[in-house]
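Below: the structure, in structure tokens.
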Amino acid sequence: MAVATPITLVLTACFFLACFNLPSPSLASSSSDFLRCLSTNVPSELLLTPGSPSFKPLLVSSIRNAKFVAPATARPPLCILTPTKASHVQAAVRCGRRHGVRLRVRSGGHDNEGLSYLSQRPEVFAVVDLAKLHTVRVDPREATAWVGSGTTLGELYYAIGKAAPGLAFPAGVCPTVGVGGLFTGGGQGLLMRKYGLSADNILDATIVDADGNLLQGKKAMGDDLFWAIRGGGGGSFGIVLSWKVRLVPVPPRVTFFNVTKTMAQGAVDAVTKWQTVAPALPDDLTVRVVVQQRQANFQSLYLGNCSGVVSTLRDRFPELGVKYGDCREMSWLQYTAYLYFGDASNKIPLEVLLLNRTMTIGPFVKNKSDYVRKALTNNTWHNIFTMPSGAARGELILEPHGGRMAKIADADTPFPHRSGVLYNIQYVQFWNGTTAAGTNNSSIMPNWINNMYDYMAPFVTKNPRAAYSNYRDLDFGVNKVVGGVSTYESGKVWGERYFGANFRRLAMIKRKVDPTDYFRNEQSVPPLL
């Protein structure tokens, strides 16, 4: 993948904005009033408008999916606010409500559908970019940390690893994901079988509500709102500024292996057996699978040394054939870098890898997701491995559940995919958005992911077909706005896929904390009126 230079990013941003619709003249007055209101409450250097030379680079700074910087009907924001304290966010909410400008909130920018910084609708909105709220305060004695919503996972992992080497936090793989978005969607990761989701380990939070009030702690926000923000999806209930999280113990050394099997080496048989073995392994051991290019890559996190994982898998999963030479022992902090960066983490300092927020615009990407409760047959997996991808590069990422995940009730948090789930699937499709002649072809998406998703329908959860809210997918539907408020009936079409029976409670909480639906996007929780 080519690396974009700063000049490339600026040129791309210029092209990006030129292709989108801008606010109509009839909205200019409210927009100007909003900007004047905000400028009296926020330092000018924190408020960027399209006239600022920093606006365009900032807008694309955390976008990795090229389809969001290509010609489209999505609309860019009126401005970007980069707050450094709570009062700036409060001012944004109050000014926005007063002058009819909605807010979208970005913490890391990995939003699969770009809704945290773009709009599919003809509305005036501003982006609150939380990147400057990235302080991490670790308390090793209490095994807790306060984390700003704009903190990336890399920053969080690095702060914990340096301040408390015997502690960790269960979250995702990619170091540039922002915790604000991850936590509000649940937060799956390779420690979830041992310790649950990120959201299961949140102890407290501070939030600015729909009236611009700062609610400091779960007592101030109440049990319902605190429940909703721990997995109920971002952009619906307010702007969470910081989180208090529970840190979890890890040994001085953990073990990683990456075993690749081609179809000729028994990949289909191995994945077929993995489905029932992986969720039943000891909680200290997680083995995920990445299926791509007709081969399967089995990757592990084991909270122990190499001899332990080899012994366990020799007994429970001998078909995988894991040997001592396949294993690497390292600290948990080193593991967080190695899993993502591979051997580069042995050559580049961890602080360079984990603290770097700079991102490059990659290829065009589409994601979808599923949950599996009954193992697929060997023949089904053979068909999956051999499904043609055409112009796309597709992969399936399989992450096992079981362990702690199966012991938490579906209603304990908004995330309902618990007992009985064997594993989740993330489908990822990459493709080139230009034709051979170099002209833009972004609207033509290869069919691999839709064909694969359709093929999988009989084998995954049903009524509804479940999905992970952090793998947001607009193919499920978008809210219909009637009388200035998103309707519950339109919302539950997609909402019950993400949240199951918990969606109704989320909508009731939305009615209580934001009845006028100020915090709204195409897939925000609607108020149940």
- prompt: Residues in region 60-68: is at least one within 21 Å of the chain's Cα centre (by Cα), of a type in the set (Phe, Trp, Tyr) and at pLDDT below 95?
  reply: yes
The condition of being under 22 Å from Val105 (Cα atoms) and either of a type in the set (D, E, K, R) or touching an Asp or Glu at 6+ places or on another chain (Cβ under 8 Å) (or both) holds, among Lys512, Lys492, only for Lys512
Within region 220-271, residues in contact with a His (Cβ under 9 Å, 6 or more places away or on another chain) and either within 28 Å of Ser345 (Cα to Cα) or open to solvent by 20 Å² or more (accessible area, probe 1.4 Å) (or both) come out as Met263
For region 261-274, pairs from a residue that is farther than 13 Å from Gly321 by Cα to a residue that is open to solvent by 50 Å² or more (accessible area, probe 1.4 Å) and β-branched (Val, Ile, Thr), with Cβ under 8 Å and 6 or more apart or across chains, are Thr272/Thr377
In region 172-187, residues that are open to solvent by less than 10 Å² (accessible area, probe 1.4 Å) and assigned to a loop (DSSP other than H, G, I, E, B) total 3
Looking across region 296-316 at residues that are of a type outside the set (Lys, Arg) and more than 31 Å from the chain's Cα centre (by Cα), the single one that is surrounded by the fewest Cβ atoms within 10 Å (Cβ to Cβ) is Asp315
### Task
Look at Leu320 and say whether it is over 25 Å from the mean Cα position of the chain (by Cα), modelled with pLDDT of 95 or more, surrounded by 18 or more Cβ atoms within 10 Å (Cβ to Cβ) and under 25 Å from Thr386 (Cα atoms).
yes
Checked Arg505, Arg465, Arg497 against criteria (surrounded by fewer than 19 Cβ atoms within 10 Å (Cβ to Cβ), on the phi < 0 side of the Ramachandran plot, charged (D, E, K, R) and in contact with a helix residue (DSSP H, G or I) (Cβ under 7 Å, 6 or more places away or on another chain)); the one match is Arg465
Filter region 472-494 for residues that are under 27 Å from Ser198 (Cβ atoms) and touching a Lys or Arg at 6+ places or on another chain (Cβ under 7 Å); the one that is surrounded by the most Cβ atoms within 10 Å (Cβ to Cβ) is Ser486
Discussion item. I'd like to know if region 41-48 contains one or more residues that are within 28 Å of Val365 (Cβ to Cβ), free of Cβ contacts under 8 Å to residues at least 40 places away in the same chain and either open to solvent by less than 30 Å² (accessible area, probe 1.4 Å) or in a strand (DSSP E or B) (or both).
Written reply: yes
Of the listed residues (Gln293, Gln334), the one being open to solvent by 40 Å² or more (accessible area, probe 1.4 Å), under 28 Å from the mean Cα position of the chain (by Cα) and at pLDDT 95 or above is Gln334
Screening Gly108, Gly96, Gly150 for residues that are of a type in the set (Gly, Ala, Ser) and in a helix (DSSP H, G or I) leaves only Gly96
Here the qualifying pairs (Cβ atoms under 6 Å; residues six or more apart or on different chains; first in region 394-410 and of a type in the set (Asp, Glu); second assigned to a loop (DSSP other than H, G, I, E, B)) come out as Asp410/Pro416; Asp410/Arg418
When region 457-497 is checked residue by residue, the ones that are among the small types (Gly, Ala, Ser) and either farther than 15 Å from Ser524 by Cβ or not in a helix (DSSP H, G or I) (or both) are Ala457, Ala466, Ala467, Ser469, Gly477, Gly483, Gly484, Ser486
Flagged pairs (Cβ under 9 angstrom, 6 or more apart or on separate chains; first in region 228-242, closer than 12 Å to Ser524 by Cα; second open to solvent by less than 20 Å² (accessible area, probe 1.4 Å) and in a strand (DSSP E or B)) are Gly234/Val240; Gly235/Leu103; Gly235/Arg104; Phe237/Ile207; Gly238/Ile207; Gly238/Val208
Among the residues of region 273-282, the number that are open to solvent by 30 Å² or more (accessible area, probe 1.4 Å) and not charged (D, E, K, R) is 3
For region 325-340, pairs from a residue that is farther than 17 Å from Thr260 by Cα to a residue that is open to solvent by 50 Å² or more (accessible area, probe 1.4 Å) and in a helix (DSSP H, G or I), with Cβ under 8 Å and 6 or more apart or across chains, are Leu333/Lys162
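Residue-wise test of (1) in a loop (DSSP other than H, G, I, E, B); (2) in contact with a Pro (Cβ under 9 Å, 6 or more places away or on another chain); (3) modelled with pLDDT under 95; (4) not small (Gly, Ala, Ser).
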| residue | (1), (2), (3), (4) |
| --- | --- |
| Ile384 | no, no, no, yes |
| Ser389 | yes, yes, yes, no |
| Met405 | no, yes, no, yes |
| Pro414 | yes, no, no, yes |
| Ser419 | yes, no, no, no |
| Gln426 | no, no, no, yes |
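The values are calculated or read from the model by the stated rules, or taken from the named source; none is laboratory data. Owing to the predicted nature of the structure, the values given are computational and were not obtained by experimental measurement. Methodologically, a virtual Cβ is constructed for each residue, glycine included, from the backbone with ideal geometry; neighbour enumeration extends over all protein chains shown. Note: areas computed on protein heavy atoms with side chains; ligands, DNA, RNA excluded. Shrake-Rupley method; radii C 1.70, N 1.55, O 1.52, S 1.80 Å.
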